[in-house]
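Structure incoming, see below.
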Amino acid sequence: MEMPGLALARHKMVRDQLQRRGIHDARVLEALRDVPREVFVLPDLAEQAYADRALPIDCGQTISQPYIVALMTQALDLSGSEHVLEVGTGSGYQTAILSRLSAHVVSLERHAGLVEKARRVLADCENVELIVADGSDGWEERAPYDRILVAAASRSCPQALIDQLADGGRLVIPLGDSESQVLTTLIKRGEQQIWDTLVACRFVPLVASEAR
Ligand code: SAH
């Protein structure tokens with residue numbers, strides 16, 4: 001349940017953690033101002049929902065830091081018409097943000113328990129499809145995707161994800177090992193791949209053959 005007392009903390013988070021650090025996409029800021037993060041964290045941690053950090057969720061995973069969610073979403077440059085693939089549903093918080101800012105979201109998660117929980121929290125998001133699957137293979141049935149967001153770290157970007165990215169599409173993924181990772185973006189233009197980096201980050205590992 002959304003907690004009315006936390007609305008102020010949410011607005012403060014957007015101002016202090018996002019705008020002050022340079023998040024400028026108005027639609028992204030609005031989405032983070034609207035989506036109640038407390039609904040996606042463990043009940044005991046609701047009061048910490050707007051803390052400037054990742055928090056533990058079930059299955060030994062984490063809900064990403066709000067700033068990182070905002071930065072990754074901004075990097076996707078969503079106008080509202082996009083077909084999006086997300087790898088690593090986790091709590092479903094990032095999924096809820098993507099759902100507001102794009103036309104359709106396919107979100108993959110390897111833990112069935114997390115998907116079950118996210119399904120309940122995201123029941124009102126009619127443009128979201130949650131699937132229990134190994135996201136390093138992408139989801140061929142619904143490809144190509146205009147945007148791909150990977151919320152778990154890998155040494156290199158799985159080739160299946162690059163293949164399933166539409167021409168002109170954008171992808172964001174944390175690349176590196178368990179010690180050191182960099183949030184990395186890819187723009188695909190025909191045969192050309194334009195790679196860039198954003199900031200250092202720390203994600204749980206993408207547990208899959210290509211990531212080991
Ligand atoms: N953005 C999410 C972060 C989830 S953490 C949130 O804010 O809640 C990353 C998630 O990726 C974890 O739930 C983990 O189980 C999942 N994951 C890791 N490897 C995966 C894989 N190969 N396929 C699908 N999901 C994976």
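Using only the alpha carbons of segment 31-148, determine the length spanned along each of the three principal axes and report them from longest to shortest in whole angstroms.
39, 29, 24
For residue 33 and residue 120, what does the FRET efficiency come to when R0 = 25 Å and r is the distance between their Cβ atoms, rounded to the nearest 0.05?
Approximately 0.60, to the nearest 0.05.
From the backbone phi of segment 48-60, what are the Karplus-calculated ³J(HN,Hα) couplings (6.51 cos²θ - 1.76 cosθ + 1.60, θ = phi - 60°) in whole Hz, Gly and Pro given as x?
9, 4, 9, 5, 7, 6, 6, 10, x, 10, 5, 6, x
Determine, from the Cβ-Cβ distance of residue 189 and residue 132 and an R0 of 41 Å, the FRET efficiency 1/(1 + (r/R0)^6), rounded to the nearest 0.05.
Working: r = 33 Å, r/R0 = 0.80.
Once rounded, the FRET efficiency stands at 0.80.
Using mean Cβ contacts within 10 Å as the protection proxy, how do 119-132, 24-37 order, highest first?
Numbers: 119-132: 14.6, 24-37: 17.3.
Most protected by this proxy first, the peptides run 24-37, 119-132.
Give me the 1.4 Å probe accessible area per residue for the chain, excluding ligands and nucleic acids, in Å².
Roughly 47 Å² per residue, with all protein chains present.
Sorted by accessible area with a 1.4 angstrom probe, largest first, how do 134, 44 fall?
44, 134
To the nearest 10 Å², what's residue 41's accessible area with a 1.4 Å probe?
10
Let me ask you something else. Once every Cα of the chain carries one equal point scatterer and solvent is ignored, give the base-10 log of I(q)/I(0) from the Debye formula at q = 0.12, 0.14 Å⁻¹, two decimals.
-0.56, -0.78
Whenever you get a sec, compute what percent of the accessible area on the chain sits on carbon and sulfur atoms (1.4 Å probe).
49
Follow-up question, since we're still on this one. Tabulate in residue order the Karplus-calculated ³J(HN,Hα) for segment 132-149, using 6.51 cos²θ - 1.76 cosθ + 1.60 with θ = phi - 60°, rounded to whole Hz; enter x for Gly and Pro.
Going residue by residue, I get 7, 6, 7, x, 6, 8, x, 9, 4, 3, 9, 6, x, 10, 6, 9, 9, 10 Hz, with x marking Gly and Pro.
Sticking with this structure for a sec: Once amide H atoms are placed 1.01 Å from N in the peptide plane, what residues at a sequence separation of 5 or more from residue 181, or on another chain, have their amide H within under 5 Å of its amide H?
The list, which skips near neighbours in sequence, is 201.
Just report the Cα centroid separation between segment 15-40 and segment 113-142, whole Å.
Each part reduced to its Cα centre gives a spacing of 23 Å.
A further question on this structure: Given H placed 1.01 Å from N in the peptide plane, which residues other than close sequence neighbours of residue 165 have an amide H under 5 Å from its amide H?
145
So for the chain, averaging the separation of alpha carbon pairs under 8 Å that are six or more residues apart and normalising by length, what relative contact order in percent results?
Value for the chain: 14 percent.
Show the residues, 5+ positions off or on another chain, whose built amide H is closer than 5 Å to the amide H of residue 129.
105, 106, 107
The values are calculated or read from the model by the stated rules, or taken from the named source; none is laboratory data. Everything numeric in this text was worked out from a predicted model, so none of it was measured. When we count neighbours, we look across all protein chains shown, and the Cβ atoms used for this are built from the backbone with ideal geometry, even at glycine. Ligands, DNA and RNA are excluded from the accessible area calculation, which covers all protein heavy atoms including side chains. Shrake-Rupley method; radii C 1.70, N 1.55, O 1.52, S 1.80 Å.
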